[in-house]
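Here the structure comes first, spelled out in structure tokens, and everything after it is commentary.
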Amino acid sequence: MAGSTPSIQSKDAADRLSPPHLSLASRSVHADDGISAHRAVAPALHVSSTFRYSSDPEELVTLGNVDPLAPRDSHIYSRVSGPNTTRLEAVYTSILGGEALTYTSGLAAFHAMLVFLNPKRIAIGDGYHGCHGVIQLLSRLTGLKQLPLDCAIEELQPGDVIHVETPLNPTGEARDLAFYAEKARKAGAYLTVDATFGPPPLQRPLDFGADVVMHSGTKYLGGHSDLLCGVLAFNPKRGDEWINQLRSDRVFLGSVMGSLEGWLGLRSVRTLELRVKQQSESATEIVRWLEEQRKEPNSPVAALVERIQHASLQPEASQPGSWLQKQMPNGYGPVFAIWLPDSDTAKRLPSKLELFAHATSLGGVESLIEWRAMSDSTVDPRLLRVSIGVEGVEDLKADLLHGLGELLKERK
Ligand SMILES: Cc1ncc(COP(=O)(O)O)c(C=O)c1O
């Protein structure tokens, strides 16, 4: 087994970001074309955990195992790299705009990122509570200190981290990345962005000054509620140094994605743009419609939905040239939040719906709704998080209207 990582993946870095003229949709389907030892159109599922060295003793090179038949698809041991995840990383690199590495889960990626950057302080706001759990764990080991996201710039020192989640879990509201990039620059801190709720084609945080963009690939990148995945992509201005160290760290953290997940991830990323565009459009339309229904005196929406939050309702969404329009030019995230009058009513709504599954997570082709108190005790118990899938938008509206109507009858 390798003591550190071979360089066979990094030499193709420039190739993997290219060709720049291709669209996101084409890159999602073709960025890994060159990485295959055979002619099959669909990727094979390789389950091997280990790979033969050359049978010629003269060709044995420590930490190198280049197969002359497949120089871009050569491996040693699957904790270092494997065929499926290597192809998946080639596609993620191309579509995220910086060298990408995959991990067992979003939180494993966040953990690996903090182990690498090893900040003394991290400025972070609300958002996904699991990231706060990782910070607490690291605080025990390293004394890492947590600061509010909007702390005074004087509280930050060079090497610290500003971590921005945008759009935010669970409300789907966006945050201004250019603002935090400038703050990080002034403080000498790193800007890291959890872009899970805004995958391509909705936003490109590396273009807005992020040093690292992170995704829970379990959500939109995976898109079918059947795989766990985490992704880190690095700003090209960091060169090869960061990616090489992180790849090497991952060998020892052991948080490498499995072959089946890598294969599922590739299957999924082919349709990323189609799915996300549709989900974003449908979510924005449903939010617009709910707001309209709230003004209809006889609608169950008016009787029960007290508040809605989503990036499309932020004032900047309707200001031409605003930071939000610049940051998310192709649409807003497909998740939003609604508030019902009380916790008991909120708890009952999912049971009245046919198309929305009552489940945690988001980003899959199936629409989900979650009474968020089920998985995050810090969230207002009147809040429901809604993740829009790829079903027909009118069917989803009808389901919500019917479910709210049934709930209203029970309350009368
Ligand atoms: C914004 C955000 N970041 C990170 C994660 C963690 O991802 P994973 O479950 O893949 O570890 C989640 C999970 O819900 C999330 O919503």
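The values are calculated or read from the model by the stated rules, or taken from the named source; none is laboratory data. Values in this document were obtained by computation on a predicted structure and should not be read as measured data. Cβ coordinates were reconstructed from backbone atoms using ideal geometry, including for glycine residues, and neighbour counts include every protein chain displayed. Each accessible area value is taken on the protein alone, full model and side chains, heavy atoms only, with ligands, DNA and RNA left out. Shrake-Rupley method; radii C 1.70, N 1.55, O 1.52, S 1.80 Å.
Taking every DSSP beta bridge with both residues inside the chain, roughly what % is antiparallel (nearest 5)?
If I count the DSSP bridges inside the chain, around 60 percent turn out antiparallel.
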- Query: What figure in square angstrom, to the nearest 10, would you give for the accessible area of V301 with a 1.4 Å probe?
  - Reply: 0 Å²
- Query: Using a 1.4 Å probe, what is the accessible area per residue for the stretch 10-269, in Å²?
  - Reply: 42 Å²
- So, by mean Cβ neighbours within 10 angstrom, what's the order for 173-181, 275-283, 125-133 with the highest one leading? 275-283, 173-181, 125-133
- State, to one decimal in nm², a quarter of the convex hull surface area for the C-alpha atoms of the chain, i.e. the direction-averaged projected area. 21.2 nm²
- Using Cα centres only, tell me the gap between the stretch 182-232 and the stretch 53-71 in whole Å. 36 Å
- Note on the structure: Computed about the Cα centre, the charge dipole of the stretch 10-269 from +1 Lys/Arg and -1 Asp/Glu charges at the Cβ has a magnitude in debye, to the nearest 20, of 200 debye
- Item | Violating pairs (Cα-Cα greater than 22 angstrom) within the set K120/K219; K352/K397; K347/K397 | K120/K219
- Task: Only Cα pairs under 8 Å and at least 6 apart count here; give the relative contact order of the chain as a rounded whole percent.
- Result: 16 percent
- Which order do S225, S54 take by accessible area at a 1.4 Å probe, largest first? S225, S54
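For the stretch 133-194, what does the relative contact order come out to in percent, with C-alpha contacts under 8 Å and a separation of six or more?
Answer for the stretch 133-194 is 35 percent.
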- Message: Helix-only mean residue ellipticity at 222 nm, the chain, DSSP H runs n ≥ 4 weighted -39,500 (n - 2.57), per residue, nearest 500. What is it?
- Response: -11000 deg cm²/dmol
- Which loop-located GluC sites (Glu not before Pro) does the stretch 353-388 contain, where loop means any DSSP state but H, G, I, E or B and the Cβ has at most 12 other Cβ atoms within 10 Å? E354
- Charge tally for neighbours of Q279 with beta carbon under 12 Å away, counting Lys, Arg as +1 and Asp, Glu as -1, is -2
- Query: When the accessible area of the chain is split by element with a 1.4 Å probe, what percent falls to carbon and sulfur?
  - Reply: 53 percent
- Query: What angle do you read, to the nearest 10 degrees and between 0 and 90, between the alpha-carbon axis of helix 177-187 and the longest principal axis of the chain?
  - Reply: 60 degrees
- Item | For the stretch 310-361: relative contact order, % (alpha-carbon pairs under 8 angstrom, 6 or more apart) | 23 percent
- Task: Would you mind checking the tilt of helix 239-253 against the longest principal axis of the Cα atoms of the chain, expressed as 0 to 90 degrees and rounded to 10?
- Result: 90 degrees
- At a probe size of 1.4 Å, how large is the accessible area of T50, to the nearest 10 Å²? 80 Å²
- Message: Tell me which trypsin sites (Lys or Arg not before Pro) from the stretch 45-94 have a DSSP coil assignment and no more than 16 other beta carbons within 10 Å of their own.
- Response: R52
- Note on the structure: Per the 1/(1 + (r/R0)^6) rule, R0 = 51 Å and r from the Cβ atoms of S375 and D56, FRET efficiency to 0.05 is 0.40
